[in-house]
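What follows is a single structure, written as structure tokens, with notes after it.
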Amino acid sequence: MAARKLSDDYLHLGHRRRLVQALRNRGIDNERVLAAIGQVPRHWFVDKAYEHLAYEDRALPIPRGQTISQPYTVAFQSSLLEAEENMKILEVGTGSGYQAAVLGKLGLRVFTLERQEPLYASARILLSKQRFGKVRCFLRDGYKGLPVYGPYDRILVTAAAPEVPEALLSQLAVGGHLVIPVGTDQQSMLRVRCVQPGEFVTEEHGTFKFVPFQEGIVATEH
Ligand code: SAH
């Protein structure tokens, strides 16, 4: 994404208020999540060409054939986490960085992983320049997680996995939650809770559609 001057004025604020109301109408009732969404300028995370659509409740294209998740999906996954302030969270699939910014605004200590170098690079700049709280970006294959900072209280995957990666389960703290969409064509939103060391309980929370979770790092020229 080309660097541009970031502004956020009363018109954007008005759009965000309407978006928050739309999410409420669709059943999102976690006030902390709604407040965080109300504070993050989503238009900064999309290409200039899509800025006018930034506060519609829809996914939008970002570079490298990926998408910034629909606000409803961001709100739904963020609510499922049931995260408390200061918890340590691993996000897999930084993409635009929008979800990571929302997690930062929720007061979490965020470690976010992206496999595509150009996306990692632009999200890192955006997330470090603005005040979204404690968010650290890494160019990594999320299949492997980030064991060096683990275990995590929460793990959130924002790409469609064919199955729950073992490495992520092993980096989940006891009492922790992993929220992950699993499936190929469409995905079941799973919340996997670690109830005892090595013991997990899985719940299903509806059907969604994500871009695929893929293995390996992609370092391409800008
Ligand atoms: N949370 C993002 C959603 C981006 S779409 C946002 O708010 O914009 C999912 C992202 O996951 C894509 O950028 C894709 O490149 C990334 N991804 C897919 N497989 C991955 C993997 N194994 N490790 C890290 N990132 C991955």
* Asked: Of the numbered conditions (1) over 14 Å from F76 (Cβ atoms); (2) within 12 Å of the ligand (Cβ to nearest atom), P181 satisfies every one except a single condition; which is it?
  -> (1)
* Asked: Regarding E215, is this residue in a loop (DSSP other than H, G, I, E, B), within 14 Å of the ligand (Cβ to nearest atom), surrounded by fewer than 12 Cβ atoms within 10 Å (Cβ to Cβ) and at pLDDT below 95?
  -> yes
* **Residues within the range 160-178 that are in contact with a helix residue (DSSP H, G or I) (Cβ under 9 Å, 6 or more places away or on another chain) and under 17 Å from F210 (Cα atoms), tallied** => 3
* Asked: Of all residues in the range 99-114, which are touching a strand residue (DSSP E or B) at 6+ places or on another chain (Cβ under 6 Å) and more than 18 Å from L60 (Cβ to Cβ)?
  -> L103, G104, L108, R109, V110, F111, T112, L113
* Structure fact -> When the range 51-78 is checked residue by residue, the ones that are farther than 22 Å from E114 by Cα and not hydrophobic (A, V, I, L, M, F, W, C) are E51, H52, Y55, E56, D57
* Selection status of Q130, in contact with a strand residue (DSSP E or B) (Cβ under 6 Å, 6 or more places away or on another chain) and in contact (Cβ under 8 Å) with a residue 12 or more places away in the chain -> no
* Select from the range 93-110 the residues that are touching a Lys or Arg at 6+ places or on another chain (Cβ under 7 Å), open to solvent by less than 20 Å² (accessible area, probe 1.4 Å) and more than 6 Å from the ligand (Cβ to nearest atom) and list them in ascending order. => G104, L106, V110
* Go through the range 45-70 and give me each residue that's touching an Asp or Glu at 6+ places or on another chain (Cβ under 9 Å) and open to solvent by less than 30 Å² (accessible area, probe 1.4 Å). => L60, I62
* Identify the residue in the range 122-159 that is open to solvent by less than 20 Å² (accessible area, probe 1.4 Å) and assigned to a helix (DSSP H, G or I) and, among all such residues, is farthest from V211 (Cα to Cα). => L127
* For the range 48-77, which residues satisfy the criterion of being free of Cβ contacts under 8 Å to residues at least 60 places away in the same chain, within 12 Å of the ligand (Cβ to nearest atom) and not aliphatic (A, V, I, L, M)? -> P61, Q70, P71
* Asked: If you take the residues of the range 10-44 that are in contact with a Phe, Trp or Tyr (Cβ under 8 Å, 6 or more places away or on another chain) and assigned to a loop (DSSP other than H, G, I, E, B), which of them is surrounded by the most Cβ atoms within 10 Å (Cβ to Cβ)?
  -> V40
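How many residues does the range 163-195 contain that are part of a strand (DSSP E or B), in contact with a Lys or Arg (Cβ under 9 Å, 6 or more places away or on another chain) and either open to solvent by 50 Å² or more (accessible area, probe 1.4 Å) or not hydrophobic (A, V, I, L, M, F, W, C) (or both)?
From the range 163-195, those part of a strand (DSSP E or B) are 172-182, 187-195; that's our starting set.
Checking the rest, the ones that are also in contact with a Lys or Arg (Cβ under 9 Å, 6 or more places away or on another chain) come to 172-173, 175-181, 187.
Add one more test, that the residue is either open to solvent by 50 Å² or more (accessible area, probe 1.4 Å) or not hydrophobic (A, V, I, L, M, F, W, C) (or both), and what stays is 175-177, 181, 187.
So the count comes out to 5.
The values are calculated or read from the model by the stated rules, or taken from the named source; none is laboratory data. Everything quoted here is computed from the prediction, not taken from an experiment. Positions of Cβ are backbone-derived with ideal geometry, glycine not excepted, and every protein chain shown enters the neighbour counts. Just so you know, the surface numbers come from the protein's heavy atoms only, side chains and all, with ligands and any DNA or RNA stripped out. Shrake-Rupley method; radii C 1.70, N 1.55, O 1.52, S 1.80 Å.
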